[in-house]
Every structure is written in C-alpha cells, then in structure tokens.
Amino acid sequence: MSSDDPKIVHRYDDIEEEDNQMPNWWLFILFSTIVFMFGYWLVFHTTRQLQDPRTEYDAAIAEIKKARLAQAPLSDDAILAVAQDAAQLEEGKQVFATTCAACHAQEGQGLVGPNLTDRFWIHGNKPSEIAKSVADGFADKGMPPWGALLGQDKVRKVSAFVLSIKGKGLAGKEPQGEPLD
Ligand code: HEC
C-alpha cells in the first residue's frame, strides 16, 4: 500500500485517484473547440457572413423545386402551388373576369360555357386537366385556345382560380359531363 504517496488524493475500494495535470493534447482540443465555437457563432449566427447549413439546405431545395416547376409549368403541383398564394390567385381572378366570364359567367356558374362550380366535368377536373382545357380550348365546341394568347403564367393562375371555385355548387348552367369528386 502506498498510502503515503503524496500524489494520491483519494482512495476508495482500492481505487487510487491522483491529481495529475490534464495532458496538453487534451487541453489543446478542449480550448480549440471553445475558440471554434466562438468563430462559428460569429460567422453563422451573429454577423451571418456565411449562410448556416440549414438555410443553405432549404435554399437548395427551393431552387430544385423551382427548376422542376419551370420544366412542368402546368403540372398539378405547379397549379396547386399557385392556388396556395392569395396574390397570384387574385391575378387569376382578374384574368377570369376579363377573359372567361363572357362564356362562363362572372362567378363561373356558366353561360355558353359549362358551369365550372358544379360537380360535373366534361374534360376532367384535375389541376393539369383544367389547365389543358384552358390552354388548348375546344375550338369545335366554341372555346378558343388561350395558351398562346395568355402565356403559361396566366394560364396557371387562371387555372388555380378555377380550382378555387370548383365545387362551390353555384346555381347556373345545367350539369354537363360526368360527376367527379
Ligand atoms: C367563347 C366562349 C368561351 C370562353 C371565352 C372561354 N370558354 Fe371555357 N368553355 C367554353 C365552352 C363552350 C366549353 C365546353 C367545351 C365542350 O363542350 O367540350 C368550355 C369548357 C371549359 C372548361 C372544361 C369544362 C369541363 O366541364 O371539363 C374549362 C376548365 C374552361 N372552359 C375554362 C375556361 C377559362 C379558364 C377561360 C378563360 C381563360 C375560358 N374557359 C374561356 C367556352 C368558353
């Protein structure tokens, strides 16, 4: 038993504890992480000289989504995204009032063209199907194609507006086509 050993400060159950200086390599790592922490905090959270990884990731994802939309501007997703945005929906409403109301009536309840607020659809009621009806029209039935005249951006917005009145069930033109959910 080295009970008089001055290095031993504590003994319990034959386990001896010495009070040694922490090794320098260990202290070096400890202080390095503290210095690094301040640097990281300054650069990413205080001065924001660099984007923090989370923001950078979100921006990259948003970029990818935008590119996908650009490739498929009249896809269901693209139109649903516009339908979530009040400002773009309002623009769609304006387009409807000036371009579509003459045949589909102000509220979309139908005149020459079908009621767009009832459950009955001749050409489908998915967002992309509505956009196709708008863009290509039905020349033989009396609806001109609007794709070239309005451009994809407005076709997308007015289609989103049609989605927003879909199912309102306003009294108007008699049902045409099949009942759809
Ligand atoms: C000159 C009249 C006229 C104008 C203007 C017009 N439409 Fe139509 N639209 C029609 C007619 C007629 C039909 C029915 C086609 C058929 O019977 O196949 C129709 C069909 C549709 C359909 C398909 C409905 C279904 O039941 O499947 C949609 C959607 C539609 N129109 C949206 C619009 C939008 C949006 C605009 C404005 C950008 C517009 N229309 C402008 C006459 C018009």
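Here, each number is a calculation from the coordinates, and none is a lab measurement. Note that this is a predicted model, so its numbers are computed, not measured. With ideal geometry, Cβ positions are generated from the backbone for all residues, glycine too; neighbour counts draw on all protein chains shown.
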**Message:** Considering the Cα positions of the chain, please state its Rg to one decimal place and its Dmax as a whole number of Å.
**Reply:** 33.4, 109
**Prompt:** Which whole-number percent is the relative contact order of the chain (Cα, under 8 Å, 6+ apart)?
**Reply:** 21
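If you stretched the chain out fully between N24 and Y12, how much longer would it get, using 0.36 nm times the residue separation minus the C-alpha to C-alpha distance? Don't skip to the answer; put the middle values down first.
Numbers: separation 12, 0.36 × 12 = 4.32 nm, distance 2.75 nm.
Full extension from N24 to Y12 adds 1.6 nm.
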**Request:** Scan around F138 for amide H atoms under 5 Å from its own, H built in the peptide plane at 1.01 Å from N, and keep only partners 5 or more places away or cross-chain.
**Result:** M143
**Prompt:** Could you give the nm distance between label points at D58 and F38, where each point is 7 Å from its Cα heading toward the beta carbon?
**Reply:** 2.9
**Message:** Under a Cβ-only charge scheme (Lys and Arg +1, Asp and Glu -1), can you give me the dipole magnitude of the chain about the Cα centre, in debye to the nearest 20?
**Reply:** 1700
**Fill in**
By the Cα gyration tensor axes a ≥ b ≥ c (a/c under 1.5 gives rounded; else a/b larger than b/c gives prolate, otherwise oblate), the shape of the stretch 131-181 is oblate
**Item:** Added length on full extension, which subtracts the Cα-Cα distance from 0.36 nm per residue, D153 to D140
**Value:** 2.2 nm
**Prompt:** Gap in Å between the Cα centre of the stretch 77-115 and the Cα centre of the stretch 140-181?
**Reply:** 7
**Prompt:** Applying the Karplus parametrisation 6.51 cos²θ - 1.76 cosθ + 1.60 with θ = phi - 60° to the phi angles of the stretch 66-73, what ³J(HN,Hα) value in whole Hz is obtained for each residue in order, glycine and proline being reported as x?
**Reply:** 4, 4, 5, 5, 5, 6, 10, x
